[in-house]
Amino acid sequence: MKKKIFYWGPFTDKGIGTKKAILNSAKSINKYSSSYEAVIINAIGEWNNEKKNENVKYLSLGPNIFDGLPRYGFIKSRLAFIQIFFASFFKLKKLILKEKPDYLMIHLISSLPLILFILFNFKTKLLFRVSGKPNLNFIRSLLWKLSSHKIQNIFCNTKEQRDELIKNKIFLPEKIDVLYDPIFSIRNILKERKQTNFDIKFKKNNILLVGRLTRQKNFELMIKAFRDLRNKELKNFKVYILGEGELMDKLKKLIENYNLSDCIFLLGSKKNVNKYYYTSKIFIMTSLWEDPGFVLIESAINNCSIISSDCKSGPREILENGSGGFLFKNNDIGSFKEIITRYLNSNDQELKQMKINVKKNIRKYSLLKHYLLLKELILKQENNA
């Protein structure tokens, strides 16, 4: 009989990268494993409108409050967290007791299952994927310490994140490992590329940015820099930004105020992102922090030249300290413009070698590599127990 791995990670923003990480991880297990079966917990109806994949099973907790949750901004996100917590607490407990999964992989809103496992003695083993840039305040630190003995595996997305977690001395170092998220499937990318209804010209000096329109993604930096470069270095370029979010109106006004409406376009959210990568010459990531920067991996697979902020944590590791792309100082517009100039002055052979380097490095983010590493790390901890 296969061992069951349940995934917990209720989200409020459909554009969040962790959603893709959860779905692809479950897909990889059910596609490649003869030992494990993956099930996604549909906590509040967050997966209701997603295209159901035949390789993934969902278990619903109810109630379906997803569409009515407050969104965008710190206060609204905290209110959504409280609603999810109280709507799901006892339902998740009941599900674990009924279904008896062998493992519970927790991604988002991790405090809920951690508290449950502190209060109740479940036989289910906890797998904890540390997401994003967690603020280790007093409450979170205390919760992690109290639950640490209940957690079998702790997964980080980057070596930098792992090293920082070890320095915090909350979890035993031997429990902490790097598990690269499954970002891409070559078959799916090639399938999406075949779609021909492109609304931007193919490789016509296109610059692409992808992400939620939030403070973290720092798209203002791109707009402000382009204002200075549009009549010089980037005279013949167009900028396309894909994504939705709380800063949509602010970014629109900024573009209008700088008279850039004819060369910077906010396209909103798109289902088939790969075709936009494939029609772009340069991909730029301006984020203030990442985990690890899924868009860098997707753009590399689609043969873009990459320019990224050197933020925590992920870009430096993905781009191999700059050998696979260009890195500029985090949130530094002067450094950003210097790197743009450096890119434009690079010859074709240099750019080609960068693309080769980054493609070699990101093989570990495939679905198959993810499953094999996940299985290895689970077995390692069980053998050490």
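The values are calculated or read from the model by the stated rules, or taken from the named source; none is laboratory data. Since this is a predicted model, take the numbers as computed values, not measurements. Backbone-built Cβ (ideal geometry, glycine too); neighbour counts: all protein chains shown.
What to note about this one:
- The C-beta contact set for the stretch 82-99 (first residue on the phi < 0 side of the Ramachandran plot, second residue part of a helix (DSSP H, G or I), distance under 7 angstrom, 6+ apart or interchain) comprises PHE85/LEU112; SER88/LEU112; PHE89/LEU112; LEU92/LEU112; LEU92/PRO113; LEU92/LEU116; LYS93/LEU116.
- Residues considered: SER147, SER141, SER111. Of these, the only one that is buried (at least 21 other Cβ atoms within 10 Å of the Cβ), assigned by TED's automatic domain parsing to the domain that holds GLU376 and among the hydroxyl-bearing types (Ser, Thr, Tyr) is SER147.
- Candidates SER131, SER147 - the one that is over 23 Å from SER77 (Cα atoms) and in contact with a helix residue (DSSP H, G or I) (Cβ under 6 Å, 6 or more places away or on another chain): SER147
- Hey, SER305 over 29 Å from PHE74 (Cβ atoms) and crowded, with 19+ Cβ neighbours inside 10 Å or not: yes
- Residue within the stretch 278-286 that is within 22 Å of ILE339 (Cβ to Cβ), modelled with pLDDT of 90 or more, assigned by TED's automatic domain parsing to the domain that holds GLU338 and within 15 Å of the chain's Cα centre (by Cα) present: yes
- Test for TYR7: is it within 19 Å of ARG129 (Cβ to Cβ) and surrounded by fewer than 21 Cβ atoms within 10 Å (Cβ to Cβ): no
- For the stretch 107-163, residues that are among the acidic types (Asp, Glu) and either touching a strand residue (DSSP E or B) at 6+ places or on another chain (Cβ under 8 Å) or modelled with pLDDT of 95 or more (or both) total 1.
- If only residues of the stretch 347-385 that are farther than 19 Å from PHE128 by Cα and of a type in the set (Asp, Glu) are counted, the one that is farthest from the chain's Cα centre (by Cα) is ASP348.
- Filtering the stretch 322-340 to residues that are part of a helix (DSSP H, G or I) and either in contact with a His (Cβ under 6 Å, 6 or more places away or on another chain) or at pLDDT 95 or above (or both) leaves ILE333, GLY334, SER335, PHE336, LYS337, GLU338, ILE339, ILE340.
- Selection count where residues are surrounded by fewer than 19 Cβ atoms within 10 Å (Cβ to Cβ) and part of a loop (DSSP other than H, G, I, E, B), scope the stretch 170-184: 2
Yes/no matrix, rows are residues, columns are (1) without any contact (Cβ under 8 Å) to a residue 24 or more places away in the chain; (2) surrounded by fewer than 16 Cβ atoms within 10 Å (Cβ to Cβ):
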residue: LYS235; (1), (2): yes, yes
residue: VAL239; (1), (2): no, no
residue: GLY245; (1), (2): no, no
residue: ASP249; (1), (2): yes, yes
residue: LYS253; (1), (2): yes, yes
residue: ASN257; (1), (2): yes, yes
residue: ILE264; (1), (2): no, no
residue: LYS270; (1), (2): no, yes
residue: PHE283; (1), (2): no, no
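- Within the stretch 310-321, being in a helix (DSSP H, G or I) and touching a strand residue (DSSP E or B) at 6+ places or on another chain (Cβ under 7 Å) holds for PRO315, ARG316.
- Residue within the stretch 259-266 that is in a helix (DSSP H, G or I), closer than 30 Å to ILE183 by Cα and either modelled with pLDDT of 95 or more or polar (S, T, N, Q) (or both) present: no
- Residue within the stretch 276-289 that is assigned to a loop (DSSP other than H, G, I, E, B), of a type in the set (A, V, I, L, M, F, W, C) and in contact with a helix residue (DSSP H, G or I) (Cβ under 8 Å, 6 or more places away or on another chain) present: yes
- Applying the condition of being on the phi < 0 side of the Ramachandran plot and either of a type in the set (Phe, Trp, Tyr) or in contact (Cβ under 8 Å) with a residue 40 or more places away in the chain (or both) to the stretch 71-81 and asking which residue is surrounded by the fewest Cβ atoms within 10 Å (Cβ to Cβ) yields PHE74.
- A count restricted to the stretch 292-323 and to residues that are in contact (Cβ under 8 Å) with a residue 40 or more places away in the chain and of a type in the set (Gly, Ala, Ser) stands at 6.
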